[in-house]
Amino acid sequence: MSIYEEIGLRRVVNASGRVTVLGVSTISDDVAKAAVAGAQSYVVIEELLVRAGEIISQYTGAEDSCPTSSASAGICLSIAGVITKGKKTLMEKLPNTDGLANEIILQKGHSINFGAPIDTMIRLGGGVPVEVGQATEVTPEHIEEAITEKTAALLYVKSHHCVQKGMVSIETMRDIAHRHNLPLIIDAAAEEDFRKYIALGADLVIYSGAKALEATTSGFITGKKELIGYAREQYHGIGRPMKVGKEMIMGLLKALDQYEHKDREAEVQKNIAKVQYLVEEMNKISGLKAVQVQDEAGRAIYRARLTVDPANTDKTAAQINEELKAGNPTVRCRTEFLNLGMIDFDPRPLVEGDKELIIEKLKKIMEG
Ligand SMILES: *Cc1c(COP(=O)(O)O)cnc(C)c1O
């Protein structure tokens with residue numbers, strides 16, 4: 001029984017992924033131990049922020065880094081930093097940035113809602129989002145023509161939430177940004193490669209701690225030393241309500257260490273085996289059809305995709321999803337393509353016994 005069931009809450013079978021609404025991920029015993037040890041001692045927080053930044057940078061290859069309470073906070077602190085550039089007077093006026101270069105250019109297909117609008121995180125840091133192009137087509141000219149003396153930075157969002165076609169590449173955005181002496185910020189919150197975007201020449205890259213890393217609730221910004229310094233300074237101002245606990249930082253550092261030593265290929269294979277089980281068993285249930293699909297953003301994540309076979313059932317995918325959610329345990333799937341009649345099952349968060357439970361519940365739903 002989980003500690004949540006002990007207080008009367010439902011058991012969750014998470015086939016949705018590393019999503020905030022279900023608690024993102026679970027930490028390992030070693031990460032938990034690091035967090036507990038961190039919580040039980042005092043430390044000079046300023047020194048911890050700096051030292052943790054140095055350690056994080058060893059895993060990203062960047063000049064410097066800054067731990068955050070979440071990727072959302074990382075976006076906000078980065079934006080606040082590139083606008084106020086370490087100037088105390090300007091920082092103390094945040095979130096008001098009237099008269100400053102405060103515009104943040106992003107592609108229209110990148111203006112996403114990841115559970116909250118990215119637009120909100122930009123504004124929270126004093127930025128004014130400037131969306132360029134159309135939702136399905138952006139050209140380098142759109143970006144170039146939007147740059148004025150009011151521009152503070154360019155923001156690229158790497159996510160499966162984004163429109164995946166018709167957008168300008170990171171390399172092109174980087175070249176445009178640097179030609180204009182502007183920083184390129186990348187929101188790579190859910191990405192699994194902590195070196196890639198720094199190696200590509202991004203100036204600030206933001207990651208979530210609890211997603212790919214399975215760390216404590218946290219995040220980090222990694223990138224150019226000067227810009228990281230500007231972001232870290234925000235903890236004495238607008239960043240205060242986003243402060244990251246010392247125990248969360250220690251959990252994050254332990255998770256980075258574990259991630260480095262993890263056999264990721266073996267993990268992918270284990271997850272594929274779970275997907276294959278689900279696909280095979282789903283296809284045995286009358287009225288259901290299932291296939292294995294790869295993540296839309298091209299990550300090494302495979303999922304089982306369920307559709308209904310209208311020749312053999314009157315139920316819609318939406319009804320099946322509702323019935324999966326109902327009752328205890330509640331089975332939570334990815335529903336991004338539910339309007340197209342598809343339910344996706346992410347194998348990564350499934351624990352022992354979950355995949356069998358999903359099949360049992362589906363059988364009951366389809367028989368009932
Ligand atoms: C999850 C996500 C975020 C927010 O991450 P948190 O750590 O939950 O704040 C931001 N951007 C993208 C693209 C995400 O997927």
VAL21 meets each of (1) surrounded by 12 or more Cβ atoms within 10 Å (Cβ to Cβ); (2) among the aliphatic types (A, V, I, L, M); (3) touching a Gly at 6+ places or on another chain (Cβ under 9 Å) with one exception, condition (1)
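Any residue in the range 198-207 that is touching a helix residue (DSSP H, G or I) at 6+ places or on another chain (Cβ under 7 Å), in contact (Cβ under 8 Å) with a residue 60 or more places away in the chain and farther than 16 Å from VAL157 by Cβ?
Looking through the range 198-207, at least one residue is touching a helix residue (DSSP H, G or I) at 6+ places or on another chain (Cβ under 7 Å), in contact (Cβ under 8 Å) with a residue 60 or more places away in the chain and farther than 16 Å from VAL157 by Cβ.
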Across the range 177-203, the tally of residues that are acidic (Asp, Glu) and either crowded, with 20+ Cβ neighbours inside 10 Å or under 21 Å from GLY81 (Cα atoms) (or both) stands at 3
Filtering the range 164-176 down to residues that are in a loop (DSSP other than H, G, I, E, B), within 16 Å of the ligand (Cβ to nearest atom) and buried (at least 18 other Cβ atoms within 10 Å of the Cβ) yields MET167
Check the range 123-141 and report whether any residue there is under 15 Å from the mean Cα position of the chain (by Cα), within 12 Å of the ligand (Cβ to nearest atom) and in the same structural domain as SER218 (by TED's automatic domain parsing). no
Restricted to the range 204-229 and to residues being surrounded by 23 or more Cβ atoms within 10 Å (Cβ to Cβ) and of a type in the set (Ser, Thr, Tyr), the residue farthest from LEU350 (Cα to Cα) is THR222
At pLDDT 95 or above, surrounded by 18 or more Cβ atoms within 10 Å (Cβ to Cβ), in a loop (DSSP other than H, G, I, E, B) and away from the ligand (no atom under 16 Å from the Cβ) - does that describe any residue in the range 149-156?
-> no
(1) surrounded by fewer than 18 Cβ atoms within 10 Å (Cβ to Cβ); (2) within 16 Å of the ligand (Cβ to nearest atom) all hold for ILE79 apart from (1)
The correct count of residues that are over 23 Å from SER69 (Cα atoms), in contact (Cβ under 8 Å) with a residue 24 or more places away in the chain and β-branched (Val, Ile, Thr) in the range 1-51 is 2
Within the range 267-283, residues being closer than 30 Å to THR68 by Cβ and of a type in the set (A, V, I, L, M, F, W, C) number 1
Considering the range 146-197, residues that are free of Cβ contacts under 8 Å to residues at least 12 places away in the same chain and more than 15 Å from the chain's Cα centre (by Cα), and then whichever is farthest from ILE56 (Cα to Cα), we arrive at ARG179
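The values are calculated or read from the model by the stated rules, or taken from the named source; none is laboratory data. A quick note: this is a predicted structure, and the numbers were derived from the prediction, not measured. Cβ: placed from backbone, ideal geometry, glycine included. Neighbour counts: every protein chain shown.
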